[in-house]
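In what follows, a single structure is set out as structure tokens and then discussed.
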2 protein chains.
Amino acid sequence: MDSDFIRFQKFIERFQILNSDDKEFLKSSTKTITLSKRTHYLESGRVCNYVGFILDGIMRTYSIDNNGDEITMYFIKENQFAVDIESFNSRKISDINIQAITDCKLIQIDFNDFEYLKNNISSWGQITLEITNYALLEKLRNRSSLVAEDAPTRYEKFIQEQPEIVQRVPLIYIASYLGITPQSLSRIRKSFLKKSVINKAP
Amino acid sequence: MDSDFIRFQKFIERFQILNSDDKEFLKSSTKTITLSKRTHYLESGRVCNYVGFILDGIMRTYSIDNNGDEITMYFIKENQFAVDIESFNSRKISDINIQAITDCKLIQIDFNDFEYLKNNISSWGQITLEITNYALLEKLRNRSSLVAEDAPTRYEKFIQEQPEIVQRVPLIYIASYLGITPQSLSRIRKSFLKKSVINKAP
DNA sequence: GATATTTTTTACCAAATGTTAAGGAAGTTT
DNA sequence: AAACTTCCTTAACATTTGGTAAAAAATATC
């Protein structure tokens with residue numbers, strides 16, 4: 001659909017204005033795809049060949065630790081990118097997984113088209129660098145503040161910083177992001193509930 | 001000293017070649033400074049007005065949590081940058097602190113000179129973006145892998161990923177980075193010692 | 001609508017980590 | 001050299017979190 005591309009274009013233009021030829025060209029290089037809940041967009045062990053711009057839905061990136069447990073690294077949602085930048089740029093196999101948590105709609109550019117864009121849109125390199133930067137800063141900001149707190153504080157901060165995610169994502173993934181078991185998170189939520197009941201009492 | 005600048009220049013040229021005018025210009029915009037152990041390079045509540053390139057020494061960035069405790073976000077060492085990018089770019093006050101852990105020597109550019117460089121070296125924007133990107137990816141990679149593990153595993157991974165830091169930084173800062181108390185870290189180190197003794201027995 | 005599947009909650013016990021307190025080693029300053 | 005910081009370790013006890021198991025609740029699938 002045309003409006004899909006327009007949303008993507010608007011995002012891009014926050015960083016740099018493209019001329020109409022560039023826009024046409026960019027448009028012809030993208031396609032819209034859908035992913036249903038719980039399916040994978042990227043699996044570790046493969047090279048990341050696509051950049052996906054999320055139009056609708058929430059995804060997560062996760063890796064597998066030495067015990068075989070999944071570790072959710074971060075959540076991505078509308079107007080963010082689904083890609084393993086390091087694998088995409090270096091052409092090496094990825095060690096992360098990207099999975100749709102809800103049904104998702106993405107705009108996608110594959111690696112070859114992306115190279116073509118680099119060579120044919122003079123500001124493309126600059127645009128993508130700025131976008132990458134922006135995304136990395138966002139992720140780092142969210143992450144660093146979490147490590148050293150205890151679990152209830154991590155959860156509280158997460159609610160403040162990413163309230164939308166809490167509403168839209170199953171708790172098991174949030175627990176995995178916070179580095180605790182779903183059982184622990186359930187316990188923490190229960191104790192929060194009690195507190196808020198006490199606070200709201202007359 | 002001249003060799004100070006040359007080390008900085010070599011780092012820069014990994015990203016983009018500068019012509020000799022640009023180099024001269026860059027050189028005239030930098031100065032070398034020293035910081036003694038435990039002094040602050042940036043304090044929260046102030047705008048970050050400098051970019052420092054570390055020639056010698058190790059620094060850390062930390063923030064203060066709601067309990068008033070320090071949380072070490074990451075360590076930076078030789079060939080890395082001491083700067084709060086967000087504050088430097090946006091000119092807003094910073095909420096992080098940057099502190100020398102060992103005695104440090106830095107090459108420094110102030111904000112005005114940096115703007116001047118942007119306007120007078122055509123590739124400067126590109127260079128700084130690439131450097132920022134590189135640094136952010138490194139930090140994010142180190143961080144995400146730590147959150148969900150238990151403390152002994154976090155310490156083990158830290159030793160593998162940043163062995164130099166372990167040698168050169170007091171344990172209290174490492175504990176703060178790993179999100180545990182110095183007492184816990186001491187306990188963990190002790191149990192590691194026992195293990196390695198057992199493993200090395202005939 | 002009945003049946004799977006996924007997600008959330010509860011409970012009990014074990015293990016890990018924090019808290020508090022204190023002492024000693026190593027390095028700095030006076 | 002003495003006094004002062006800073007850093008590291010140890011210990012006892014309290015608290016938090018994990019592991020295991022199971023059931024209830026919510027969703028998805030047929």
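The values are calculated or read from the model by the stated rules, or taken from the named source; none is laboratory data. What you see is a predicted model, and the numbers here were worked out from it, not measured in a lab. Please note: Cβ atoms are built from the backbone with ideal geometry, for glycine as well, and neighbour counts cover all protein chains shown. Only protein heavy atoms, including side chains, enter the accessible area calculation; ligands, DNA and RNA are left aside. Shrake-Rupley method; radii C 1.70, N 1.55, O 1.52, S 1.80 Å.
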**Report entry** Segment residue A:43-residue A:161, extension gain: residue separation times 0.36 nm, minus the distance between their alpha carbons
**Finding:** 39.7 nm
**Report entry** 15 Å Cα-Cα reach of residue B:27 towards aspartates and glutamates, excluding residues that sit fewer than 8 places from it in its own chain
**Finding:** B:2, B:4, B:13, B:110, B:113, B:115
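I'd like the trypsin sites (Lys or Arg not before Pro) in the stretch B:1-82 restricted to DSSP loop residues with at most 15 other Cβ atoms within 10 Å, sorted by number. Mind dumping the intermediate values first?
Values: sites: B:7, B:10, B:14, B:23, B:27, B:31, B:37, B:38, B:46, B:60, B:77; in loops: B:14, B:37, B:38, B:46, B:77.
Filter output for the stretch B:1-82: B:14, B:37, B:38, B:46.
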Query raised in the report: Taking the alpha-carbon centroid of each part, what is the distance from the stretch A:20-40 to the stretch A:152-175 in angstrom?
Result: 29 Å
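Based solely on its DSSP helices, what 222 nm [θ] is calculated for chain A when runs of n ≥ 4 H residues each add -39,500 (n - 2.57) and the sum is averaged over all residues, nearest 500 deg cm²/dmol?
Numbers: 9 runs with 102 residues, N = 202.
Calculated at 222 nm, the ellipticity per residue is -15500 deg cm²/dmol.
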Query raised in the report: Where in the stretch A:1-95 are there GluC sites (Glu not before Pro) that are in a DSSP coil and have at most 14 other Cβ atoms within 10 angstrom of their Cβ?
Result: A:43
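Using 22 Å as the Cα-Cα cut-off, could you pick out the over-long pairs in A:118/B:23; B:77/B:157; A:77/B:157; A:139/B:139; A:10/A:157? It would help to have the intermediate numbers written out before the result.
Values: A:118/B:23 27 Å; B:77/B:157 18 Å; A:77/B:157 30 Å; A:139/B:139 10 Å; A:10/A:157 30 Å.
Where the Cα-Cα span goes over 22 Å, the pairs concerned are A:118/B:23; A:77/B:157; A:10/A:157.
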Query raised in the report: For the charge dipole of the protein assembly as shown, defined by +1 on Lys and Arg C-beta atoms and -1 on Asp and Glu C-beta atoms about the Cα centroid, which residue among B:163, A:128, A:68 has the Cα displaced farthest towards the positive pole?
Result: A:68
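Using R₀ = 25 Å, calculate the FRET efficiency as 1/(1 + (r/R₀)^6) where r is the Cβ-Cβ separation of residue B:79 and residue A:90; round to 0.05.
On the way: r = 20 Å, r/R0 = 0.81.
E between residue B:79 and residue A:90, to the nearest 0.05, is 0.80.
Going through the stretch A:89-133, which trypsin sites (Lys or Arg not before Pro) have at most 13 other Cβ atoms within 10 Å and a DSSP loop state?
On the way: sites: A:91, A:92, A:105, A:118; in loops: A:91, A:92.
Taking the stretch A:89-133 and a limit of 13 other Cβ atoms within 10 Å, the loop trypsin sites (Lys or Arg not before Pro) found are A:91, A:92.
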Report summary line: Distances in nm between the label point of residue B:93 (7 Å along Cα→Cβ) and its equivalents in the other copies, shortest first, are 5.1
Report summary line: Excluding residues fewer than 8 positions from residue B:190 in its own chain, the aspartates and glutamates with Cα under 17 Å of it are B:150, B:156
Requested in this report: Could you look at the protein assembly as shown and say what percent of its accessible area is carbon and sulfur, using a 1.4 Å probe and all protein chains?
Outcome: 49 percent
Query - Alpha-carbon gyration tensor eigenvalues x 5, square-rooted, for the stretch A:1-59, Å - result: 25, 14, 11
Report summary line: Inter-copy distances for residue A:28, label 7 Å out on the Cα-Cβ vector, sorted ascending, nm, one decimal, are 4.8
Report summary line: Gyration tensor (Cα only) of chain A to equivalent ellipsoid, semi-axes in Å sorted down, yields 35, 19, 15
